[in-house]
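Working notes for the structure below.
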Amino acid sequence: MRAIIFIAMFLLAGCVERPEKVVPVKNFELSRYLGTWYEIARLDHSFERGLEQISATYGMREDGGVRVINRGFDTESKQWKEAEGKAYFVQTPDVGFLKVSFFGPFYGSYIVFDLDHEQYSLISGPNLSYLWILSRRPQMDEATKKRLIQKAKDAGFDTNRLIFVKHTDTNQSVSINK
């Protein structure tokens, strides 16, 4: 659990900025974004080291925000780890720019800069150290993956450092209210 909770400390340390070449998608539809996304690739951070089968599940909060549940299987302890956070729009609800918190008042950027609501999402944090490729399925077709990696590279991310996540158990999704 400790590893996932570090998400807030490192990614979300109160920084709601965006890298210069990362432009949030327009026509973002939260109702279509809700549900489970599988992590396909990411840049390395201590809060996710040793985790496989990582997913993020999004649902509505009573206050109008977004409930975020990040989940992954710790290969060392052989246990599922889970962290719950909350997200709110930074700009308008049709722009894929949110702020996310896993610890009280500390928020960080969650920028959707490429998206197909039914297939994939390309996410940046507040700087070029944070990048995720997400998919609605535990695997992603090679053409889409290559295109997203190239887009990230063009935005300045060091895509040679990407870690590709293993998914062996597809029955690990978390059910939350949309």
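The values are calculated or read from the model by the stated rules, or taken from the named source; none is laboratory data. Keep in mind that this is a model prediction, so the values were computed, not measured. Neighbour counts run over all protein chains shown; Cβ positions are idealised from the backbone, glycine included.
Could you list, in sequence order, all residues of the stretch 13-54 that are within 15 Å of the chain's Cα centre (by Cα) and assigned to a strand (DSSP E or B)? Correct list: GLY35, THR36, TRP37, TYR38, GLU39, ILE40, ALA41, ARG42, LEU51, GLU52, GLN53, ILE54.
Can you tell me which residue in the stretch 16-27 is modelled with the lowest pLDDT, limited to those that are touching a strand residue (DSSP E or B) at 6+ places or on another chain (Cβ under 7 Å) and farther than 29 Å from LYS166 by Cβ? Among those that are touching a strand residue (DSSP E or B) at 6+ places or on another chain (Cβ under 7 Å) and farther than 29 Å from LYS166 by Cβ, it is VAL16. The set of residues in the stretch 134-163 that are free of Cβ contacts under 8 Å to residues at least 24 places away in the same chain and assigned to a loop (DSSP other than H, G, I, E, B) contains only ASP141. Looking at the stretch 110-132, is at least one residue crowded, with 18+ Cβ neighbours inside 10 Å, more than 21 Å from ALA155 (Cβ to Cβ) and touching a helix residue (DSSP H, G or I) at 6+ places or on another chain (Cβ under 7 Å)? No, every residue in the stretch 110-132 fails to be crowded, with 18+ Cβ neighbours inside 10 Å, more than 21 Å from ALA155 (Cβ to Cβ) and touching a helix residue (DSSP H, G or I) at 6+ places or on another chain (Cβ under 7 Å).
Listed conditions (1) out of contact with any strand residue (DSSP E or B) (no Cβ under 6 Å at 6 or more places or on another chain); (2) free of Cβ contacts under 8 Å to residues at least 60 places away in the same chain are all met by GLY50, apart from (1). From the residues in the stretch 112-133 that are in a loop (DSSP other than H, G, I, E, B) and in contact (Cβ under 8 Å) with a residue 60 or more places away in the chain, which one is farthest from GLU20 (Cα to Cα)? That would be GLU118. When only residues in the stretch 65-111 that are without any contact (Cβ under 8 Å) to a residue 24 or more places away in the chain and outside any strand (DSSP E or B) count, which is nearest to SER124 (Cα to Cα)? Per the stated criteria, the residue is THR92. Restricting to the stretch 55-81, what's the tally of residues that are modelled with pLDDT of 95 or more, charged (D, E, K, R) and within 16 Å of ILE163 (Cβ to Cβ)? Number satisfying all stated conditions: 0.
Taking the numbered list (1) hydroxyl-bearing (Ser, Thr, Tyr); (2) in a helix (DSSP H, G or I); (3) under 16 Å from LEU51 (Cα atoms) in turn, THR168 passes all entries but (2). Restricting attention to the stretch 36-54, does a residue exist that is within 18 Å of LEU128 (Cα to Cα), of a type in the set (Gly, Ala, Ser) and modelled with pLDDT under 95? Yes - at least one qualifying residue is present in the stretch 36-54. I want to confirm something. Restricting to the stretch 68-95 and keeping residues that are more than 12 Å from the chain's Cα centre (by Cα) and within 19 Å of HIS117 (Cβ to Cβ), which single residue is surrounded by the fewest Cβ atoms within 10 Å (Cβ to Cβ)? My answer is THR92. In the stretch 36-67, which residue that is among the basic types (Lys, Arg) and under 15 Å from ALA83 (Cα atoms) is surrounded by the fewest Cβ atoms within 10 Å (Cβ to Cβ)? This residue is ARG49.
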